[in-house]
1. Mind telling me which of the residues Ala16, Ala28, Ala62, Ala24 ends up being in a helix (DSSP H, G or I) and surrounded by fewer than 11 Cβ atoms within 10 Å (Cβ to Cβ)?
2. If the Cβ limit is 7 Å and pairs must be 6+ apart or interchain, which residue in the range 8-24 that is at negative phi and among the charged types (D, E, K, R) pairs with which residue that is modelled with pLDDT of 95 or more and assigned to a helix (DSSP H, G or I)?
3. Exactly one of these conditions fails for Ile9: (1) assigned to a loop (DSSP other than H, G, I, E, B); (2) more than 10 Å from the chain's Cα centre (by Cα); (3) more than 21 Å from Leu68 (Cα to Cα). Give me its number.
4. Scanning the range 42-52 for residues that are in contact with a helix residue (DSSP H, G or I) (Cβ under 7 Å, 6 or more places away or on another chain) and open to solvent by less than 70 Å² (accessible area, probe 1.4 Å), which turns out farthest from Met21 (Cα to Cα)?
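The values are calculated or read from the model by the stated rules, or taken from the named source; none is laboratory data. From a predicted model like this one, the values you see are computed outputs, not experimental measurements. Glycine also receives a Cβ, built like all others from the backbone with ideal geometry; neighbour counts cover every protein chain displayed. To get the accessible areas, we keep the full protein, side chains included, count just its heavy atoms, and leave off ligands, DNA and RNA. Shrake-Rupley method; radii C 1.70, N 1.55, O 1.52, S 1.80 Å.
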Amino acid sequence: MAEDFTKKIMREISDAMHEQMAQAVADAVREEGLASADQVEISTETDDPSMPVDVARVRRRANQLLGL
């Protein structure tokens, strides 16, 4: 039961991290006048190696936020 709870919390943290990154990328695209998130370099470095960055997920969500 505790393991399920831990997995759920880690998933929620990961979801929030990816959403924040996508928002930041979308903001950068707007500020720079770029066509899409595909033109932005996204760092995969995190403070926690157990929380990897899914770059494709971030780009996809950023493009959604941009209406693409």
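1. Working: Ala28 fails: surrounded by fewer than 11 Cβ atoms within 10 Å (Cβ to Cβ); Ala62 fails: surrounded by fewer than 11 Cβ atoms within 10 Å (Cβ to Cβ); Ala24 fails: surrounded by fewer than 11 Cβ atoms within 10 Å (Cβ to Cβ).
Result of the check over Ala16, Ala28, Ala62, Ala24: Ala16.
2. Once the first residue is at negative phi and among the charged types (D, E, K, R) and sits in the range 8-24, its partners that are modelled with pLDDT of 95 or more and assigned to a helix (DSSP H, G or I) give Glu19/Arg61.
3. Ile9 satisfies all of (1) assigned to a loop (DSSP other than H, G, I, E, B); (2) more than 10 Å from the chain's Cα centre (by Cα); (3) more than 21 Å from Leu68 (Cα to Cα) except (1).
4. Step one: list which residues in the range 42-52 are in contact with a helix residue (DSSP H, G or I) (Cβ under 7 Å, 6 or more places away or on another chain), which gives 42, 44, 51.
Still in the running and open to solvent by less than 70 Å² (accessible area, probe 1.4 Å): 42, 51.
Values: Ile42: 9, Met51: 13 Å.
Ranking the qualifying residues of the range 42-52, first place goes to Met51.
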